1. Tell me the helices (runs of 4 or more DSSP H) entirely within region A:1-68 that contain at least 2 residues that are free of Cβ contacts under 8 Å to residues at least 60 places away in the same chain, of a type in the set (Phe, Trp, Tyr) and under 20 Å from residue B:71 (Cβ atoms).
2. I'm checking my understanding of the structure. Among residues of region B:8-19 that are touching a residue at least 40 places away in the same chain (Cβ under 8 Å) and either open to solvent by 10 Å² or more (accessible area, probe 1.4 Å) or out of contact with any strand residue (DSSP E or B) (no Cβ under 9 Å at 6 or more places or on another chain) (or both), which one is farthest from residue A:53 (Cα to Cα)?
3. Within region B:45-60, can you find the residues that are under 20 Å from residue A:44 (Cβ atoms) and out of contact with any Lys or Arg (no Cβ under 9 Å at 6 or more places or on another chain)?
4. Can you name the residue in region A:24-45 that is of a type outside the set (A, V, I, L, M, F, W, C) and at the interface with another protein chain (Cβ under 9 Å from one of its Cβ atoms) and is also most open to solvent (accessible area, probe 1.4 Å) among such residues?
5. For region B:86-98, state whether one or more residues are under 29 Å from residue A:14 (Cβ atoms) and among the hydrophobic types (A, V, I, L, M, F, W, C).
6. Is it the case that some residue within region B:65-78 is of a type in the set (Asp, Glu), surrounded by fewer than 13 Cβ atoms within 10 Å (Cβ to Cβ) and away from every other protein chain (no Cβ under 13 Å)?
7. Say whether the condition of being within 12 Å of chain A (Cβ to nearest Cβ), of a type in the set (Ser, Thr, Tyr), without any contact (Cβ under 8 Å) to a residue 60 or more places away in the chain and open to solvent by 20 Å² or more (accessible area, probe 1.4 Å) is met by at least one residue in region B:35-46.
8. What number goes with the only condition from (1) touching a strand residue (DSSP E or B) at 6+ places or on another chain (Cβ under 9 Å); (2) within 23 Å of residue A:37 (Cα to Cα) that residue B:58 does not pass?
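The values are calculated or read from the model by the stated rules, or taken from the named source; none is laboratory data. Worth saying up front: this structure is predicted, and the values here are computed from it rather than measured. Here the Cβ positions follow ideal geometry from the backbone for every residue, glycine too, while neighbour counts run over all protein chains shown. Please note that ligands, DNA and RNA were not included when accessible areas were found on the heavy atoms of the full protein model with its side chains. Shrake-Rupley method; radii C 1.70, N 1.55, O 1.52, S 1.80 Å.
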Amino acid sequence: MVTLKVYCWLLCLYPGSYRGEFGEEMTSVFCDARSALPPALAVKISFYGREVGGLLSGALRAHFDRLFGPATPFRRFSMQPQFRFPRSTVFLMIVIFATVVLTIAKASSIGGDSTGSAVWPSLASVLVFMLLTMCTASAVVWWILHNLRRSGVHRLESVQSWKYSAESNGKS
Amino acid sequence: MGTFALSEPVLLVLLSLAEQPRHGYSILKDVESMSGGRVLLSTGTLYGALQRLLDDGWIERVEEDNTPRDRRTYRLTSRGRRNLQMEIERMRQLTKVAALRMARKEA
C-alpha cells in the first residue's frame with residue numbers, strides 16, 4: 001500500500017527512540033483508522049491531510065523535546081496559543097499567486113512570437129516555481145503550528161503549578 | 001485552583017481513559033464519539049499527547065503478557081485522575097459563573 005509506505009517514511013522523521021517506543025503502535029492505529037474510512041473522497045483527503053500534518057508537527061515536537069528538553073524557550077514560543085498565522089494569510093497567498101500566474105500568462109500571450117517569447121517561458125517557470133515553493137513552505141509551517149497549538153500538550157507543563165496552587169489554596 | 005486549562009483534545013483523551021483502560025485506536029474512536037465527530041485526532045497528535053501524559057505520570061501502560069506490542073493499553077494514574085478532577089471542577093466553576101453572568105444580563 002502506497003499510503004502505508006508514505007506513513008512509514010514520515011515516521012522516519014521522528015527520533016529513533018520515539019519510533020522504537022511508539023512506531024509500531026502508531027502504524028497499527030493508522031492501519032485500523034484507514035480501513036475504517038468511508039468511501040467518500042473528501043473524507044479520505046481530510047484523513048490523509050490530518051495524518052501528514054500530525055506526523056510533521058509531532059516529529060518536530062519530538063526533536064525539540066529530545067534536543068532541548070520539554071522546557072525549551074523555543075518550544076514554548078512556538079506553542080503559544082497567540083502565535084499563529086491568521087487564516088486570511090492562506091487566502092491572500094492564493095490570490096497573489098493566482099494574480100501573478102495570470103499576469104505571466106497574459107504577458108506571454110501578448111509577447112507572441114517576438115524576441116521576448118524566448119525569455120518569458122524561463123522567467124515564468126522560475127517565478128511559478130519560486131511562488132509554489134513559498135506557498136508550500138508557508139502552508140506546511142502554518143499546518144505544523146496549527147497542529148502544535150491544537151494538541152494542547154504544552155499546557156501539561158503547568159501540572160506542577162496546579163499542584164502548588166491547589167496546596168496553597170488548601171493551606172489558606 | 002489552577003490557572004491553566006487543558007486543550008479539548010487532551011481533555012477528551014483523559015476522559016476517554018477515565019472510563020476504562022484503552023488502546024490507541026479505541027481512544028481515537030472514543031474521542032471522536034464524545035465530541036460528536038468534531039475532534040478528529042491524527043495518530044501523530046494522539047501519540048504526542050500520550051507521550052507527554054506518560055512522561056508527566058498522568059497515564060501509564062497496562063502491562064499484560066499477552067498484549068501485542070502494537071496494541072498496548074493505557075490507563076489513568078491516580079495523579080492523572082486527581083488532575084482531571086481538578087480540571088472538571090475548574091470547568092464547573094467557570095460554567096457556573098458564565099450562567100450567572102448570562103442570567104444577570106438577561107434580567
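1. A:16-35
2. Among those that are touching a residue at least 40 places away in the same chain (Cβ under 8 Å) and either open to solvent by 10 Å² or more (accessible area, probe 1.4 Å) or out of contact with any strand residue (DSSP E or B) (no Cβ under 9 Å at 6 or more places or on another chain) (or both), it is B:18.
3. Across region B:45-60, the qualifying residue is only B:46.
4. A:24
5. no
6. yes
7. no
8. (2)
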